[in-house]
Amino acid sequence: MRCLAFFVLALIAAPLWASTSPSPPPPPYPFMSVEEMSAGLPVAFLYDNESAAQGREFPPTVSGSQSAWLTIRVTSDAVQFGGGMGFAVQPPVITSATGGFALDASSFGTFIQVGTSTEFRVRFTPPTTGVFTATVTFGHEADPMFNPGVYSDFRVNVSGTGVSAAVPYAMVREGSVAGARVFSGQSNLNARDFKRRMTSAGPAAYLSLWVTNEAASGAGTLNLGTPTLSGAFGEFSLDLSQFVTSLSAGASTEIRVAFDPATVGIHQGTLTFDQDDGYNPDPYSITLNGEGLLESAQIRVSDAAGPFFDTTGMVPAYIGTHMDENAAPSGGRDFGNAAGTLTITVANADVGVFLWAGYQPGADLTLGTPTVVGDADFTVGLVGFNNTVASANTTTFEIHFNPQADGVRSAVIELPHGDASEHAPFRIHVTGVGVGVGQGGGGSGGGNSGGGCVSSSSSGGIWLFAGLLGVLCACAALGQRRRA
């Protein structure tokens, strides 16, 4: 019975202990990942002895020539909470092949420190026409049980087809004609995962997908069908204003797509177009992903006083107010007819999570410098403002209203930020009314502006002072006469 009571007590106390105690030490085991790279970005995560696919299935190459290099990266991962450790590797070699491949291991290391990588490259060099295959193998110590000095093999399979003359070949890249490759049917990676965006934020920036007829001079024309979107209807938008359906050798065309969520939740769409190269899938399909939110993922902007976070639980909770981006001025953002100062608080509501190893804070929120667009009656004060806001933290800046002219004055304070879920820059509308600014004296500026002549009330004060000075002088002269 005592054991049962102790067990129950331990279950109750465990979360409290975890929230106040340091995370347990990470497991001292190596973690290895192997990736196919393109333009510096991972485009496929590989398993041992996986079939040749994606970039490991080289484009058709004229016999006697050579393809571009394919890069394979091997990483000693620093996994979540800092786990992982370095391990030794053996140089890659081509262990089985039908010929037609070259290997470059000149930059491949012998020991991979935790958090670092090493790479090797493979290219296709068909001596004749036909299908060629090869397996590139390297040894590693990244055994889950970590047995130092005991090496396991990791095998990367590649293939290619040698042809007698150049043929059309559809190659898709994201961002630019030299960007990372996008393969048909590939799971969403890199920029095709649009992350999270508010339903009220409008469309995210367009992503350019470039289709190139990746063939040597003299190859035939690559013919394309008009791209269409399916799934998640209305959540993605398509721009085909630069798209053409016929590509000669080496020519490219652009497809532009943006995430514009209308509803909350995870949305997955598929961009599809026909192509006739005879090697890639037809139709060619590209997966798109994004999540619609009611509130931004990170940034919260408030013109009210705190508190902003409740830190009594295992994970902080945002409890402050949040103004809508681009909202009409109201409350403190309407200064009325008096000069004043308004404090704006910017919070990072990515509060993190609580997992088995304890509390893990969210990502930092990056901010640009707020600027004023509109009437010069408004200025921004940056004392204490920080461009980086840590998880569950805040920074502040001030908006000053000092009317320079009569009538309604207005401006927009633009705050650049790195939260992709919200419109950027975040726009704060402010307004105020100038009353009696610059009256009398005929100067170009009022008393608050520091410019122009002094007002009539100031002139009256000067004349009063001169009159009093004259009386004092007369009294002094009279006193001198009497003594004489």
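Here are a few things to note about the model shown:
- Average Cα contact separation per residue, the range 220-295, under 8 Å, 6 or more apart, as relative contact order %: 35
- Scoring 107-114, 401-408 by mean Cβ neighbours within 10 Å over their residues and listing the highest first yields 401-408, 107-114.
- Residue exposure sequence - LEU365, LEU415 - by fewest surrounding Cβ within 10 Å: LEU415, LEU365
- Taking a ≥ b ≥ c as the square roots of the eigenvalues of the Cα gyration tensor, the range 151-260 is classed as oblate, since a/c reaches at least 1.5 and a/b does not exceed b/c.
- Cα gyration tensor, the range 74-136 - rounded (a/c under 1.5), prolate or oblate: prolate
- Cα gyration tensor, the range 386-428 - rounded (a/c under 1.5), prolate or oblate: oblate
Read the figures in this text as sums done on the coordinates, not as results from a lab. Just so you know, these numbers come straight off a predicted model, no measurement behind them. So basically every Cβ, Gly included, is an ideal-geometry build from the backbone, and we count neighbours across all protein chains shown.
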